[in-house]
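**Student:** One structure, pasted below without further comment.
The values are calculated or read from the model by the stated rules, or taken from the named source; none is laboratory data. Quick caveat, the model's predicted, so the values are computed rather than measured. FYI the Cβ positions are ideal-geometry reconstructions off the backbone, even for glycines, and counts take in every protein chain you see. Areas reflect the complete protein model, heavy atoms only, side chains present, ligands, DNA and RNA absent. Shrake-Rupley method; radii C 1.70, N 1.55, O 1.52, S 1.80 Å.
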Amino acid sequence: MGTQVFLKRLSWMLLIPLVGLIYAQLNYNNGNVHSLMTALDRIIPFIPYFVVPYVAWYGVLFFSLTWFAYKNDRLYYRSLASLVLGMVVSYLIFFVFQTTVPRPVIEGHNLFNQLTKVIYAIDNPYNAFPSLHVLTSYIIYLGSQETKIYSRFISRAIQIMTILVILSTIFLKQHTLLDVAGGIFIGGTIFNVTGYVVDIILSYDISINLLPKSFKHIPGKR
């Protein structure tokens, strides 16, 4: 694969920040805010150290998609389409059913507390259900399962990081357990649907003008 072809493939990732511009337009109190807090959410402690994987989410996303693009472009486009579609679905939910999460008062001035305060300052406590951090991380987690044939170590590393990102949303009090469940359900459903759609396209052999030629390769088939 040539460098120019690879970079062109990676350029499709720009769809994520472009679609992400909508997020800020919805992340404010619209006057009809709901709470999904449960008794279990209230007893979960605030652990500022989880700000590290929470922030690392951006790097995990970029690294994972780059790895997918390098090893399996079908998986890359499937994952990217799932991420973008998942964001759009989430924005529609934010628009019609806005939720919020109460945040703790952060005391202390260590690095982890300060980073959490920055996150709180730049990200309003709305747009909570489903959790986008969880939805996107779970899609990447599912995608990484298909890369074990290339490197079990990298696949496991991606999975561990995505699990830590998901946990961080709870321990930083950014999301509730229902936000996490919603992100996992929607992310998993979309990832499975996109895979199903791609397989249908391939089975009818109409991918010539719609998708890159390498999409025509299905593992195990000739």
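**Student:** For a quick check of your reading of the model, give me the residue pairs whose first member lies in the stretch 1-17 and is over 9 Å from A69 (Cβ atoms), whose second is open to solvent by less than 70 Å² (accessible area, probe 1.4 Å) and in a helix (DSSP H, G or I), with beta-carbon atoms closer than 8 Å and at least 6 apart or on different chains.
**Tutor:** That search, which allows pairs on different chains as well, returns L15/L80; L15/V84; I16/L61; I16/L80; I16/L83; I16/V84; I16/M87.
**Student:** Ok, one more. Looking at the stretch 170-213 only, could you name the residues that are small (G, A, S), modelled with pLDDT of 50 or more and surrounded by 13 or more Cβ atoms within 10 Å (Cβ to Cβ)? Working first, answer last.
**Tutor:** The first filter runs over the stretch 170-213 and keeps only residues small (G, A, S), leaving 181-183, 187-188, 195, 203, 207.
In the following step, the residues that additionally are modelled with pLDDT of 50 or more were identified as 181-183, 187-188, 195, 203.
A181, G182, G183, G187, G188, G195 - these are the residues of the stretch 170-213 that are small (G, A, S), modelled with pLDDT of 50 or more and surrounded by 13 or more Cβ atoms within 10 Å (Cβ to Cβ).
**Student:** Sticking with this structure for a sec: Give the residue, chosen from I122, I106, that is open to solvent by less than 70 Å² (accessible area, probe 1.4 Å) and either touching a residue at least 60 places away in the same chain (Cβ under 8 Å) or under 25 Å from S35 (Cβ atoms) (or both). Working first, answer last.
**Tutor:** Values: I122 fails: open to solvent by less than 70 Å² (accessible area, probe 1.4 Å).
Exactly one residue qualifies, and that residue is I106.
**Student:** For a quick check of your reading of the model, give me the residue pairs whose first member lies in the stretch 51-66 and is closer than 15 Å to V118 by Cβ and open to solvent by 30 Å² or more (accessible area, probe 1.4 Å), whose second is among the small types (G, A, S) and part of a helix (DSSP H, G or I), with beta-carbon atoms closer than 7 Å and at least 6 apart or on different chains.
**Tutor:** Taking only residues 6 or more apart or on different chains, the pairs are W57/S137.
**Student:** Would you please name the residue that is nearest to V33 (Cα to Cα), looking only at residues in the stretch 90-102 that are in contact (Cβ under 8 Å) with a residue 12 or more places away in the chain, surrounded by fewer than 16 Cβ atoms within 10 Å (Cβ to Cβ) and within 22 Å of the chain's Cα centre (by Cα)? Outline the logic, then answer.
**Tutor:** Of all residues in the stretch 90-102, those in contact (Cβ under 8 Å) with a residue 12 or more places away in the chain come to 90-91, 93-95, 97-102.
Then keep just the ones that are surrounded by fewer than 16 Cβ atoms within 10 Å (Cβ to Cβ); that gives 95, 97, 102.
Still in the list and also within 22 Å of the chain's Cα centre (by Cα): 95, 97.
Details: F95: 11, F97: 7 Å.
Top of the filtered list is F97.
**Student:** Find the residue count for the stretch 125-155, including only residues that are farther than 22 Å from N192 by Cβ and open to solvent by 30 Å² or more (accessible area, probe 1.4 Å). Can you show your working first?
**Tutor:** Pass one, the stretch 125-155, residues farther than 22 Å from N192 by Cβ: 125-128, 151-154.
Still in the running and open to solvent by 30 Å² or more (accessible area, probe 1.4 Å): 125-126, 152-154.
Counting residues in the stretch 125-155 that are farther than 22 Å from N192 by Cβ and open to solvent by 30 Å² or more (accessible area, probe 1.4 Å) gives 5.
**Student:** Taking the stretch 95-142 only, how many residues are over 23 Å from T162 (Cα atoms) and of a type in the set (G, A, S)?
**Tutor:** Adding up the residues that qualify gives 2.
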